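The values are calculated or read from the model by the stated rules, or taken from the named source; none is laboratory data. Remember, predicted model here, so these are calculated numbers, not experimental data. Glycine gets a Cβ as well: all are built from the backbone with ideal geometry, and neighbour counts include every protein chain shown. When the accessible area is computed, the model is the full protein with side chains, heavy atoms only, and any ligands, DNA or RNA have been set aside. Shrake-Rupley method; radii C 1.70, N 1.55, O 1.52, S 1.80 Å.
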Amino acid sequence: MPRIYITTPIYYVNGDPHLGSAYTMLITDTLARYYRARGWETFFLTGTDEHGDKIEKAAAAAGVSPKALTDRVSASFRAAWDDCDITYDHFIRTTDEHHIRYVQEVLARLYDTGDIYFGGYQGLYCFGCERFYTPKELRDGKCPDHLTEPKMIEEETYFFRMSKYQERLIAHLEAHPDFIRPEGFRNEVVAMLREPIGDLSISRPKTRLTWGIEMPFDNRYVTYVWFDALLNYISALKHKGEDVFERFWPEAEHFIGKDILKPHGVFWPTMLMAMGEPLYRHLNVHGFWTVEGQKMSKSLGNVISPLDMKAKIGLDAFRYFLLRESVFGQDADFREDSLHARYNAELANNIGNLVSRSLAMQDRYFQGAVQPLSDPMPEIDQRLVAAFAQAAAEVEQHVTNLSLSRALEAVFRATDHANKYITETAPFTLAKDPASLPRVGAILHNLLEALRVSAQLLTPFLPDTCEKIFAALVLPDERKRVYDLPWGRAFAPGHQVQKPQALFPRLP
Ligand code: ME8
C-alpha cells in the first residue's frame, strides 16, 4: 500500500489562526482526505511552535508566563482546526516532553560526532524571523519580511556544521529536480547554495533567552528555535512509535508558505544529513495571500479569520474559494467580490443547482424511486458518461501536480455538462407525456450517477457538501468509496433517494 506523510508548518503561538495558516491547513487536509480515500496509508501532522524570543516577548507583553501563553494559544489553534474539520492525525507542541527529549538526544549525538561545536559569532539578527541575516539578504538594511532593522549581535554560541553538507545538498537538488517545488522556489534555494552557507548558530545564551530547550551539554544555553522546531517532523512520528517512524519517514511531503523556504530548504535537509536520516520526499511551497490587495495585518484590521468565514458563508464555501482561487506556488488575493461571484456562479448555480434539480425531479416524477437506464444508451447519455470519466482522470493528474484549482475546474466542467444535459434532454417537458416516462427515468438515473461521481471526486475538497449529497443518494459507505464502479451499477432500479436540501443558497 502506498504511504504519504503530510505536514504543515507548526505555527507560532503569538497570533491566531488566520487566512494564511488556514490556507496551508486546507490544502494539506484536502490532500490527506484524497489519499486516505484512495487507500493510501496517510499520516497528517500539524501543531504549534512554542519556544523562542518571540513567544517570550509576547508572554511578557500579555503579563503571563510563557507556559500559560503557549497552553492557551496552542489550545485555541487546535480548537480552530477542529472547528474547521481538519483531519490531522497528530497535533504536536514543541513543549511536549517527548519532543524536548528528542531534540536533546539529537543535539547530544551531533555534539559527539563533531557536527556541533562552540565558537564566537557576530551577525545581524531579525527577532521577527528568529534568524540571522547576511547584509545581502536585507532590503535597504531591513528585514524584507518585517521591514525592521535587524540588531547586531555578538556572542559565543554553538554552531551546527551546516557548511559541511552544502555540496551534498547541491548534488541532491541536481539529482532530484522536483525536491523543492514549484521550480521557482527550487531555483531560489539553488541560488542560496551558490554562496557559502556557513555554519548555523543554534544556541542562545540564557542571559538573553530562557524560554527554550536547554542544550544537553551546556546548561548556560537554550536551543535556537528553528533547530528545535524543524525536528518536530520526526519527533512526532517517533512519539507514535518506532514502527510509525519506519513507515512514514522519508515519505514526507512538507507544505509551507514561501516565508520559511530557507529553514526548510537549507537548514532541515543538512540537519537530516548530519543525523544520518534520508531526506524528505518533497518540499511543497505555496504563495502568500493578500486581502483586497493589501498585506494582512492586525494594524490594518483586515485579518480574515477562518471561523468568521465559517459562520458567514460555511466551511465548504470558504474551502472552495481558497482552493479554487489560488494557483499553488503563486500569491493570491482574497476579495469579497470574487468570493461572492464564485459562490453564486459555481457553488449555487452549478453544483448546487444540479443537485437540487436532479433530486427534485426524481422525487416529483418517481417519488424518489430510481428507474432503469436506457439500453443501449443514446449518444447524448454516453457523452455525459465520458465527461465524468474525463473529470476523474483529470482530478487524479491535477492533484498529483498539486493543481487543486484545476482539479476543481475539471469536476465543475463535468457538472456544467450535466446541467446542460438537463436543458438538452428536457425531462421536465418529456414528463408531460406518460409514454415518455421511461426516458425521463433513464435521464434522471444518469443524473444520479453524475451526482454520485461528482460527490466522490469532490469529497476531499468539499467534505460536508458531499456527505449531504451521499446522504440524499442513500448510498452505503462501501459504494461511496469504489472509484471504478461502472456507470449504472450504483443504483438498482427501485432504490429510493431523498428530497434535496439547499446546499448553497444564493447570496443576495
Ligand atoms: O513560521 N498567506 O510559523 P508562523 C499564506 N513557526 N500563508 C500564510 C500567510 C499568508 N499571508 N501567513 C502565514 C512559522 N501563512 C514557524 C514554522 S515549521 C517547523 C516552523 C502560513 O506561525 C504559511 O504556511 O509564522 C507560513 O509558512 C506559515 O503560516 C508561517 O506560520
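Ordering of 475-484, 13-22, 362-371 by packing is 13-22, 362-371, 475-484, highest average first (other Cβ atoms within 10 Å, averaged per residue).
Among beta bridges identified by DSSP and lying wholly in the chain, the antiparallel ones come to about 50 percent.
Each Cα pair under 8 Å and six or more residues apart adds its sequence gap; the mean of these over the residue count of the chain is a relative contact order of 15 percent. For the chain, the Cys residues with no second cysteine's beta carbon closer than 4.7 Å are Cys84, Cys466.
Against the main long axis of the alpha-carbon atoms of the chain, helix 19-37 sits at an angle near 60°. Each peptide in 182-194, 70-82, 131-143 was scored by the mean count of other Cβ atoms within 10 Å over its residues; highest first, the order is 70-82, 182-194, 131-143. Between helix 166-175 and the chain there is an angle of about 20 degrees, using the helix long axis and the longest principal axis of the Cα atoms.
Give, as ranges by residue number, the residues of segment 348-385 whose backbone N falls under 20 Å from the point 7 Å along Cα→Cβ of Tyr483. Inside the label zone: 385. The residues of segment 3-286 expose on average 39 square angstrom of accessible surface per residue, using a 1.4 Å probe on protein heavy atoms.
Structural descriptor for segment 3-286: relative contact order 22 percent, calculated from alpha carbon pairs under 8 angstrom and at least 6 residues apart.
Taking all protein chains as they are arranged and a probe of 1.4 Å, the heavy atoms of Thr148 leave approximately 70 Å² accessible to solvent. Summed over the residues of segment 335-480 and divided among them, the accessible surface reaches 40 Å² per residue at a probe radius of 1.4 Å.
For the chain, carbon and sulfur atoms together expose 52% of the accessible surface, with a 1.4 angstrom probe and every protein chain in place.
For a 28 Å ceiling on Cα separation, which of these pairs sit above it: Lys67/Lys206; Lys238/Lys312; Lys67/Lys238; Lys67/Lys310? Pairs exceeding the cut-off: Lys238/Lys312; Lys67/Lys310. The listed peptides 88-97, 241-250, ordered by packing as a protection proxy, come out as 88-97, 241-250 (highest mean of other Cβ atoms within 10 Å first).
The calculated P(r) of segment 335-480, using every Cα pair and 10 Å bins from 0, goes 11, 40, 35, 12, 2, 0 in percent. The Rg/Rh ratio of the chain, with Rg taken over Cα atoms and Rh as the Kirkwood radius over Cα pairs, comes to 1.05. Based on Cα contacts under 8 Å between residues 6+ apart, segment 335-480 shows a relative contact order of 29 percent. Bridgeable aspartates and glutamates around Lys142 (alpha carbons under 20 Å apart, same-chain partners fewer than 8 residues away excluded): Asp53, Glu130, Glu154, Glu188, Asp259. Model label sites at Arg38 and Glu336, defined 7 Å from Cα along the beta-carbon direction, differ in position by 3.9 nm.
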